[in-house]
Amino acid sequence: MTQDCSAYPEKVPTGTPGLDAVLQGGLLRGRLYLLQGDPGTGKTTIALRFLLSSLERGERALYITLSETRAELEAVARSHGWDIARLPICDLSSTEASLRAETQYTIFHPADVELGETTQAILGQVESVLPRNVIFDGLSEMRLLSGDPLRYRRQMLSLKQYFADKGITVLLLDDRSTPLAEIQPESIVSGIIDLEQFTPIYGGTRRRLFVQKVRGATYLGGFHDYDIHTGGAVVYPRLAIDTHRRPEMVPSGAVPSNISGLDQLLGGGLEYGTTTLILGPSGVGKSTVALQYVAAALTGGQRAAVYTFDEVLHTLFARAEKLCAGFRDFTHTGHLRVVQVDPAELTPGAFADDVRRAVEENDTRIVVIDSLNGYMSSMPEERFVSTHLHELFAFLNQRGVITILVVAQHGSVSAPEASVDISYLADTVLLMRYFEANAEICQAIGVFKKRTGPHERTLRELRITETGIQIGEPLRQFWGIMTGVPQYGSSLTAPQERPA
């Protein structure tokens, strides 16, 4: 049985792909929408892009402004490399300003004259241009012109009905600078998009948006990070977990490390569609082990992405060359993407969106995030780290990606747990420790858990040499390695017989 597509309202693209994804297609045709936010949040940028995309599709457009002048709009357009010469602009900013002088009127209330003349100018421009999409910039000025809440509401309802009768899609811009009693446009419009910005104690300005409502359509709820760059706004839709997992996206099998002892520990390797945590103190070799899996995947023809928060790229490549000759060359063929992340500038939403594109557009099969500590630095609201990571890991698992997250724990020997425990999110946990034996600092590695199959429960010695990683035999002659001060004993001694 086929569905009648004509029963669904037509949607108008906003010209900002990420925002269209949040709105699941765009704005409903012939409806009134409100885009509100404080000055500097990017309302004019998004609005101009909306109308320019309309012109590109061959649809007429009109920008009505009661606040910004034509010269200011042209300056914004130039900053993004846009040409708005073809865009009709109804500039009422100077007219409105001149009409505010109440001393010009002696009989009628200024609001009666000003509001009527402004409305007639708007309607006249609409009748002349016959646009399909309109930006109305200046709700704050409209409230001032109205004078009282009742007049303002009646005027807005009249404009709404006028535009609806003509099938015109309207985006109202409001900087919320002049509230008028309890009458707000939220109850009049069909949809509301809120823009917010804040500046953390250290780092760049963070911006995010959320959709309050859209009558008659679904949308992706929650907060979505966005940035303003040359060329317009870039919106990063929040990663939403698929309700129905698609098995065909998850290949069978596992990726080995090509290190015999490590593969024995893990029962063959890391399975596709799983998340692995590598925990341990600083310098114990966590990043090197993670890169070993990347090198093994690359040599096997797979694509990989490495996001490093804590290490500069030339150091990472120098270390990786010991594991795989020509490691850097994979970046030129497109098989490897290496990104040095600045947590002071990159928002969690932008980071998650970059990972998503690496997976969906480049068919990446292994993703390394080094490390959780750097990721937390990009999260001003640290208590939501687990929620962000849960969505990210679920998304990657559903698409058959092997995810490796490096976690640097505090301390150098016993390494107590990290401040945010996310081990419950992982399918596999590799635990690494320092220990002292024969007046030498040694390293040990073991598998703390593995949900997807059998694994060794032993600890093995790990050595990182000039030629790469070496994994020794199980350290059965020691106990107490996890404390950092092991004791030596016979390998035949049963655990219950060992001294306390």
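The values are calculated or read from the model by the stated rules, or taken from the named source; none is laboratory data. Just so we're clear, the structure is a prediction, and the values are computed from it rather than from any experiment. Glycine gets a Cβ as well: all are built from the backbone with ideal geometry, and neighbour counts include every protein chain shown.
Determine, yes or no, whether LEU55 is touching a residue at least 40 places away in the same chain (Cβ under 8 Å) and either surrounded by fewer than 17 Cβ atoms within 10 Å (Cβ to Cβ) or within 23 Å of GLY18 (Cα to Cα) (or both).
Answer is no for this residue.
Which one of these does ILE188 not meet: (1) within 30 Å of LEU291 (Cα to Cα); (2) among the hydrophobic types (A, V, I, L, M, F, W, C); (3) modelled with pLDDT under 90?
(1)
Suppose we keep only residues that are of a type in the set (D, E, K, R) and more than 37 Å from the chain's Cα centre (by Cα) within region 121-152. Which one would you say is surrounded by the fewest Cβ atoms within 10 Å (Cβ to Cβ)? It would help to see each step written out before you state the result.
Residues of region 121-152 that are of a type in the set (D, E, K, R), as a first pass: 127, 132, 137, 141, 143, 148, 151.
Next, only the ones that are more than 37 Å from the chain's Cα centre (by Cα) stay: 127, 148, 151.
Values: GLU127: 9, ASP148: 13, ARG151: 18.
That would be GLU127.
Which of (1) farther than 24 Å from ARG357 by Cβ; (2) outside any helix (DSSP H, G or I); (3) among the small types (Gly, Ala, Ser) does GLY261 not meet, given it meets every other one?
Condition not satisfied by GLY261: (2).
Between a residue in region 460-483 that is surrounded by 13 or more Cβ atoms within 10 Å (Cβ to Cβ) and among the polar types (S, T, N, Q) and any residue that is modelled with pLDDT under 80 and part of a strand (DSSP E or B), which pairs come within a Cβ distance under 9 Å, given they are 6 or more apart or on different chains?
Listed pairs, sorted by first residue: GLN477/TYR488.
Could you run through region 318-353 and say how many residues are surrounded by 20 or more Cβ atoms within 10 Å (Cβ to Cβ) and touching a Phe, Trp or Tyr at 6+ places or on another chain (Cβ under 6 Å)?
Qualifying residue count for the region: 5.
Among the strands (runs of 3 or more DSSP E) lying completely within region 411-480, list those that include at least 2 residues that are at pLDDT 90 or above and among the β-branched types (Val, Ile, Thr).
By residue number, 428-437, 440-450, 468-474.
Residue pairs, Cβ under 9 Å, 6 or more apart or interchain, first in region 292-307 and closer than 14 Å to ALA254 by Cα and assigned by TED's automatic domain parsing to the domain that holds VAL368, second in a loop (DSSP other than H, G, I, E, B) and of a type in the set (A, V, I, L, M). List them.
Filtered contacts from region 292-307: VAL294/LEU323; ALA296/ILE259; ALA296/LEU323.
Considering each of THR45, THR95 in turn, give the residue that is in the same structural domain as LEU139 (by TED's automatic domain parsing), modelled with pLDDT under 95 and either basic (Lys, Arg) or not in a loop (DSSP other than H, G, I, E, B) (or both).
THR95
Which members of region 484-500 meet the condition of being at pLDDT 70 or above, surrounded by 12 or more Cβ atoms within 10 Å (Cβ to Cβ) and more than 46 Å from the chain's Cα centre (by Cα)?
The one that is at pLDDT 70 or above, surrounded by 12 or more Cβ atoms within 10 Å (Cβ to Cβ) and more than 46 Å from the chain's Cα centre (by Cα): GLN487.
Just for strands (runs of 3 or more DSSP E) wholly inside region 201-244: which have at least 1 residues that are without any contact (Cβ under 8 Å) to a residue 12 or more places away in the chain and surrounded by fewer than 14 Cβ atoms within 10 Å (Cβ to Cβ)?
So the answer is 224-229.
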